[in-house]
Amino acid sequence: MHDDLQAAIESLVEEYDRQVREVHEAHARLSEVTATVSDGDVTVTAGPQGRIDEIVFHPRVYGRLSPTELARAVKEQIARAQAEVAERSQEIMAPLMPEGLDAEDPAGGAFDLGALLPDPPVRPASGRHGREGRR
């Protein structure tokens, strides 16, 4: 009976450790998500959480577009790049999301990844009085 309990506890601890690893791996992958989009005139690169890392204008854009059109093109490419980052982030998070929780929330950056971690298992105390080294 004691061996069965010990095996069950070890199994729970292993499962907990696996889930913690998966969350940390997802967090690392989220920190590397980027997307680059272009309409030929404006190229935008967005990084993690939609941060804009780079905007590049094709040389012909200044003579071809009015300032208003250029501003609109920049905004459109930013939105596309951020949407692509959000979609990729959701794909990374989806397998980790508990049932009923939307993967869209973490992609927005306002979500605490720690909330995905299960509660740590209660590890059995060792030693005669429940704590090592205490008598």
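Sorting the segments 71-78, 92-99 by their residues' average number of neighbouring beta-carbon atoms within 10 angstrom, most packed first, yields 71-78, 92-99. Rounded to the nearest 20, the Cβ-based charge dipole of the stretch 1-80 about its Cα centre (Lys and Arg +1, Asp and Glu -1) stands at 980 debye. Converting phi to 3J(HN,Hα) with the Karplus coefficients 6.51, -1.76 and 1.60 and the offset θ = phi - 60°, the stretch 88-96 yields 5, 5, 4, 5, 5, 7, 3, x, 9 Hz in sequence order, with x at every glycine or proline. Residues of the stretch 16-43 with an amide N closer than 19 Å to a point placed 7 Å from the Cα of Leu70 along the Cα-to-Cβ direction: 38-43. In order along the stretch 18-29, the phi-based Karplus estimate (6.51 cos²θ - 1.76 cosθ + 1.60, θ = phi - 60°) of 3J(HN,Hα) comes to 5, 5, 4, 4, 4, 5, 5, 5, 5, 4, 5, 5 Hz; Gly and Pro are listed as x.
Since every read-out is calculated from the coordinates, none of them should be taken as a lab result. Everything numeric here is computed off the predicted structure, so don't read it as measured data. FYI the Cβ positions are ideal-geometry reconstructions off the backbone, even for glycines, and counts take in every protein chain you see.
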